[in-house]
Amino acid sequence: MSVKIHLYDACLTKDVRVFTKMCPYAELKLGQQNAKSSICKKGGTAPKWNDEFTLLNDGKSELVIKLYDFDKEVKFIGEAALQQKQLNYFIGSLPVFNAGKIGELKVMVSTGLFPQTYLTLPTMRDDVPNLLQD
């Protein structure tokens, strides 16, 4: 079964650069499959991607999302994970860790168990980032 992953944005407290803004991107891994988000140029600690991915669910692996800063030398920012049991449907913020919690990553994950029309209603799609803000 395939899993749709919508990567919205992040709110981070860690900045791996000193003088300029980070250019974050995400690498997703589910089982043996990998995907990479767009680079949020000068996104700093509040990157926005609004990227979608479809990966096959092997039924055993967790979804791991690692954040990196794109620069001359790629730097690891932090990572978040979603357990296998949450891959049927999840909408919310995942904690991002790197030697402690350093922020949150807003995502929506769903499988074919939910009708596509339900997941793509304009009100749902447009309101998700606002609903997730504290």
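The values are calculated or read from the model by the stated rules, or taken from the named source; none is laboratory data. Computed from a predicted model, the values in this text were never measured in an experiment. Ideal geometry is used to build each Cβ from the backbone, glycine not excepted, and the neighbour counts take in all protein chains shown. Side chains are part of the model used for accessible areas, which takes the heavy atoms of the whole protein and leaves out ligands, DNA and RNA. Shrake-Rupley method; radii C 1.70, N 1.55, O 1.52, S 1.80 Å.
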Placing each pseudo-label 7 Å from Cα in the direction of the beta carbon, Tyr89 and Lys60 end up separated by a distance in nanometres of 2.8 nm
Residues Gln33 and Ala99, FRET efficiency given R0 of 30 Å [Cβ-Cβ distance, rounded to 0.05]
0.65
Looking at the P(r) of the range 1-79, how many percent of alpha-carbon pairs lie beyond 13 Å?
65 percent
Within the accessible area of the range 4-83 (1.4 Å probe), percent carbon and sulfur
51 percent
Computed label-point distance, nm, for sites Val18 and Met1 using a 7 Å Cα→Cβ extension
5.0 nm
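Accessible area per residue for the range 26-103 in Å², computed with a 1.4 Å probe and the full protein assembly in place, what is it?
Working: 4370 Å² over 78 residues.
Value for the range 26-103: 56 Å² per residue.
Treating only the Cβ atoms of Lys and Arg (+1) and Asp and Glu (-1) as charged, compute the dipole magnitude of the range 50-115 about its Cα centre; round to the nearest 20 debye.
Values: 7 positive and 9 negative charges, 42 e Å.
Using only the charged Cβ atoms, the result is roughly 200 debye.
Pairs Lys36/Lys72; Lys29/Lys75; Lys4/Lys72: which are spaced more than 21 Å apart, C-alpha to C-alpha? Working shown, then result.
Values: Lys36/Lys72 18 Å; Lys29/Lys75 18 Å; Lys4/Lys72 31 Å.
Check vs 21 Å cut-off fails for Lys4/Lys72.
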Principal axis extents for the range 36-113, Cα atoms only, whole Å, descending order, please.
40, 25, 20
